[in-house]
Amino acid sequence: MQSTKPDRAGWWQRVDPLGVVAVTRERASLLVLLMLLGADLYYAVRHIRTAAETDEESLHFLDAPLGYPEAFQTLQWLWSIGLIVLIAVFLRRWAFAALLPLFAFLVLTDTFELHERFGRRLAESVGIPPMLGLRSQDIGEMVVFGGAGLVTIPIALVGLWLARREDRGHFLRVFSLLFVILFCGVVLDAVHILVIEDPGPGDAFGLFEDGGEMLAASLLVAYLSWVWLRGGRAAQPPSAAPSSVVASTPEPQPAAAVPARADDSLVPPGRRE
């Protein structure tokens, strides 16, 4: 007989849109997440300390172009790509390969600043005027991001459509984490330009913008590690507590002992009947 107690797990824990619950339940993936978060914390502390000590640009700033934190984030993209290849090839989850063009663009634009270069060239060649407080270069970068998204996102959606039923939840969580990363890198970047009169590396807003991007990237690597370690299996609901289930079959009773005759121990062996 099953327990009639209501499920106290909230919507966030049941759906787990960012994969936090899934990652923290497995010891190996939790270890990966803690190591990555430790590196993120180190870079955040160095950012704050360097900003308090000097007004000059430093490679320790989270938002410094080609700085140490950005190099670490490039490694996170490379680790994500490597895990996707492992999942697609060795686990034969070929639909995951549809994510590779999107991840390849993200690692290339972070490493070689493609959106900044092509955005600047597009703004100069077309003559995009500044609007809504944004510079023409900023609008050009958004156009480049949008054009890349029109190519890579449909490919990823095709992978979602072709994926196995148990893999679609993995796709949706990866999409959610990428949305957080792009929100920090594009939307908050535009807000940064609107709020700060002279935006540059080292200010407080850059800490939230690039810090949030790094945290989401760390969780993405940990989640893909969890998928790889579990062999692509979906998360199982937590098992019920032992007190919530009562055995329906009666416990076996010990066999009754045959009573011995009271006078057998007193009668000599030769005279027993």
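Highest average first, the peptides 217-226, 181-190 ordered by how many other beta carbon atoms sit within 10 Å of their residues are 217-226, 181-190. Taken along the Cα-to-beta-carbon direction at a fixed 7 Å, the label points for L108 and E124 span 2.1 nm.
Solvent-accessible surface of the stretch 17-233, averaged per residue with a 1.4 angstrom probe and all protein chains in place: 52 square angstrom. The label point for V191 and the one for V85, both projected 7 Å from the Cα toward the Cβ, are 3.6 nm apart. Spin-label model, L157/Q13: points 7 Å from Cα along the beta carbon direction are separated by 3.5 nm.
The values are calculated or read from the model by the stated rules, or taken from the named source; none is laboratory data. Predicted model only: the values in this text are computed from it and were never measured. Heads up, the Cβs are rebuilt from the backbone with ideal geometry, glycines too, and the neighbour counts pull from every protein chain shown. Only protein heavy atoms, including side chains, enter the accessible area calculation; ligands, DNA and RNA are left aside. Shrake-Rupley method; radii C 1.70, N 1.55, O 1.52, S 1.80 Å.
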